[in-house]
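For reference, the structure is listed below as structure tokens.
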Amino acid sequence: MSYLETAHRVYRDAAARVQKSLCCTPGPRFELPELTIPQTMEDMNYGCGTTVHLQDLSPGLDVLYIGVGSGMEALQFAYFTRRPRSVLAVDRVPEMLEVARRNFAEAERVNPWFRSEFVELLEGDALSLPVADARVDLVAQNCLFNIFTPEHLDRALAEAARALKAGGRLALSDPICEEPIPKRLRDDERLRAECLSGALPLDEYVAHVARAGFGTIEIRARRPYRVLDRRRYGLEKDLLLESVEAVAIRSPMPSDGPCVFAGETVVFVGNDDYFDDGRGHHVQRDVPLPVCRKTAAAMRALGREDLIVTGPTWHCAGGGCC
Ligand SMILES: C[S@@+](CC[C@H](N)C(=O)[O-])C[C@H]1O[C@@H](n2cnc3c(N)ncnc32)[C@H](O)[C@@H]1O
């Protein structure tokens, strides 16, 4: 049986009965006017962060959600789109699709604005999406892609890129690891399916995303997710897993590689009104300019006392330099 079949079994079971510690991280409740999330959706939230960010949402969007789970985030996207079939929600596991279908019926009962037809549920695989090329403006996946081997991750990202219009956005939430996870654990199909051992270090994860043709990547959040502790997992030391939220934009790839925004800024404190590096970065005095990691490194390398480059906060909400 392939590891993908093991994942199928794990999520068939997770659809039949709530698995309390699967994937999820405690976070604030999503409170929006007139949005009531059915308890059954919250109970089966198997995501490790959020993919729903206000700055990516505008009226008229078409959204593709991969790995629908209980349907909670698909409902949150539908809150903004509010048109029939404006959220396409794909899942490989029929039992999970059935849970989502039931939950959307309940969501319709408790949310006067919502109609189940806003979300079209599709049985299908992230590795071969049942969606036409350039069909949507935004693709989202939460805590699914980390299950895949690096080869399959590339395929899933290529499929997401194929479904997106030019300039479209891919919202991701996945576990990452501070140090590579030993092969013995990575090869454990159950741990991988449970989002515990497929995680990659952030730089590698970002490199996979960029390779799929995303020229801009914003790291929106990064926070503790799990610890693979040395006693339970037979490791030399505890290994911290974090969850990362990132949004990748299908913009042209710069010749020197992707622009990755991690919350770094440049502040000019010189005597002039502004500093211009001659490479498209105009920094007004005293006003922090969000810059990508490449530009932050280049500005630091200038070694100027009147240019202060702040470190990564791992929280970039947009508005960058390039
Ligand atoms: C960890 S859960 C996350 C569910 C949901 N995104 C959330 O945040 O609660 C992974 C989801 O992906 C689905 N899934 C597993 N393998 C898949 C595949 N190859 N293609 C599409 N969906 C898959 C599972 O059935 C499950 O619903």
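The values are calculated or read from the model by the stated rules, or taken from the named source; none is laboratory data. Worth saying up front: this structure is predicted, and the values here are computed from it rather than measured. For neighbour counting, all protein chains shown are included, and Cβ atoms are generated from backbone atoms with ideal geometry for every residue, glycine included. Just the protein is used for accessible areas: all its heavy atoms, side chains included, with ligands, DNA and RNA removed. Shrake-Rupley method; radii C 1.70, N 1.55, O 1.52, S 1.80 Å.
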Conditions (1) open to solvent by 60 Å² or more (accessible area, probe 1.4 Å); (2) in contact (Cβ under 8 Å) with a residue 24 or more places away in the chain; (3) within 11 Å of the ligand (Cβ to nearest atom); number of the one not met by Asp13 = (2)
Selection from region 225-251 of residues in contact with a strand residue (DSSP E or B) (Cβ under 9 Å, 6 or more places away or on another chain) and free of Cβ contacts under 8 Å to residues at least 60 places away in the same chain yields Arg226, Val227, Leu228, Asp229, Arg230, Tyr233, Leu235, Asp238
Name the one entry in Leu22, Leu35 that is part of a loop (DSSP other than H, G, I, E, B) and either more than 9 Å from the ligand (Cβ to nearest atom) or among the basic types (Lys, Arg) (or both).
-> Leu35
Taking region 74-92 and the residues there that are open to solvent by 10 Å² or more (accessible area, probe 1.4 Å) and within 12 Å of the ligand (Cβ to nearest atom), the one that is farthest from Phe30 (Cα to Cα) would be Arg92
Might you let me know whether region 44-58 holds any residue that is near the ligand (Cβ under 8 Å from one of its atoms), of a type in the set (A, V, I, L, M) and either modelled with pLDDT under 95 or over 17 Å from Leu32 (Cβ atoms) (or both)?
-> yes
Which is of a type in the set (Gly, Ala, Ser), in a loop (DSSP other than H, G, I, E, B) and over 22 Å from Arg109 (Cα atoms), of Ser58, Ser70?
-> Ser58
Exactly one condition in (1) more than 30 Å from Glu151 (Cα to Cα); (2) in contact with a Lys or Arg (Cβ under 8 Å, 6 or more places away or on another chain); (3) within 11 Å of the ligand (Cβ to nearest atom) is not met by Thr40; state its number.
-> (3)
All positions within region 99-129 that are within 24 Å of the chain's Cα centre (by Cα) and open to solvent by 60 Å² or more (accessible area, probe 1.4 Å) = Arg101, Glu123, Ser128
Arg279: of a type in the set (Lys, Arg) and loosely packed, with under 13 Cβ neighbours inside 10 Å, yes or no?
-> yes
